[in-house]
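J.: I'd like to ask you about the structure that follows.
The values are calculated or read from the model by the stated rules, or taken from the named source; none is laboratory data. Small disclaimer: the values here were computed from a predicted structure and weren't measured. FYI the Cβ positions are ideal-geometry reconstructions off the backbone, even for glycines, and counts take in every protein chain you see.
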Ligand code: ADP
């Protein structure tokens, strides 16, 4: 509902009350607004790197490329911005495919420990670059889950990569796998900048970023967590977040484990 109000004044100019009008905003209108916001966001996100690519190429052609070090610096920026565009377009296509046609999951049974070591191998370079200690709590037993290996890999790459992005140099990031009744809980804990309580529900929205500049500088598109949520829900799992500003954030993914055959 949208509420608007106006005072009711009597003939002697006395205050008689307030007239409140409730307007119902239909689901259709809300969807329409969301679609408009989405188009506006996409256009803006595409425009930023293109403006930069154009600007730097023009400056080079105007003579700046005669200086070899400027040439190299500008080409690096152009390449970086092109990478951003590519990631953005890939994420957008992925999200729109998921939202239009749902998922085709390639379900298989696998050991969650193998997936975790796969992720660590992929991202330990990024941790080393930032001087962040990346630690996995050893799992005392083998836990099998049923799911799409490459989609779940995408989920954990996203979460771990965010943990490394939003944790300052010298910090600590930990992955913990726990078994709780018939579920497997995988936690990604960081010691980073944290998220304000009221922002937490919003970070799963498309393009929502607490700090746009920071996210953009680190190559973020603001689409990662929206995709992550879709994938987890398609697996009938859940995702939750706890965070303390300036202390750190923990993302927990819960997935059903495969029960051993009796
Ligand atoms: P991005 O590409 O911007 O990282 P995401 O959808 O992955 O987009 O995340 C949305 C926003 O949530 C981020 O821009 C950031 O503000 C916040 N966020 C995500 N993960 C973390 C984290 N581990 N610590 C602090 N903030 C985070």
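Okay, residues lined up against (1) in contact with a strand residue (DSSP E or B) (Cβ under 7 Å, 6 or more places away or on another chain); (2) surrounded by fewer than 16 Cβ atoms within 10 Å (Cβ to Cβ); (3) modelled with pLDDT of 95 or more; (4) under 30 Å from residue 44 (Cα atoms):
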{"position": "175", "(1), (2), (3), (4)": "yes, no, yes, no"}
{"position": "182", "(1), (2), (3), (4)": "yes, yes, no, no"}
{"position": "209", "(1), (2), (3), (4)": "no, no, no, yes"}
{"position": "212", "(1), (2), (3), (4)": "no, yes, no, yes"}
{"position": "221", "(1), (2), (3), (4)": "no, no, no, yes"}
{"position": "249", "(1), (2), (3), (4)": "yes, no, yes, yes"}
{"position": "257", "(1), (2), (3), (4)": "yes, no, no, no"}
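J.: Could you tell me which of the residues 232, 228 is within 25 Å of residue 171 (Cα to Cα), part of a helix (DSSP H, G or I), at pLDDT 95 or above and more than 6 Å from the ligand (Cβ to nearest atom)?
T.: 228
J.: Of the conditions (1) within 30 Å of residue 259 (Cβ to Cβ); (2) surrounded by 15 or more Cβ atoms within 10 Å (Cβ to Cβ), residue 161 clears all except one; give me its number.
T.: Going through the list (1) within 30 Å of residue 259 (Cβ to Cβ); (2) surrounded by 15 or more Cβ atoms within 10 Å (Cβ to Cβ), residue 161 breaks only (1).
J.: If I go through segment 7-63 residue by residue, how many of them are in contact with a helix residue (DSSP H, G or I) (Cβ under 6 Å, 6 or more places away or on another chain) and loosely packed, with under 10 Cβ neighbours inside 10 Å?
T.: 0
J.: State whether the residues of segment 203-220 include one that is more than 8 Å from the ligand (Cβ to nearest atom), over 16 Å from residue 159 (Cα atoms), free of Cβ contacts under 8 Å to residues at least 60 places away in the same chain and in a strand (DSSP E or B).
T.: No.
J.: Filter segment 182-198 down to residues that are under 27 Å from residue 133 (Cα atoms) and outside any loop (DSSP other than H, G, I, E, B) and give me whichever is farthest from the ligand (Cβ to nearest atom).
T.: Here the residue is 184.
J.: While we're here: Keeping to segment 235-262, report how many residues are away from the ligand (no atom under 15 Å from the Cβ) and in a strand (DSSP E or B).
T.: Adding up the residues that qualify gives 5.
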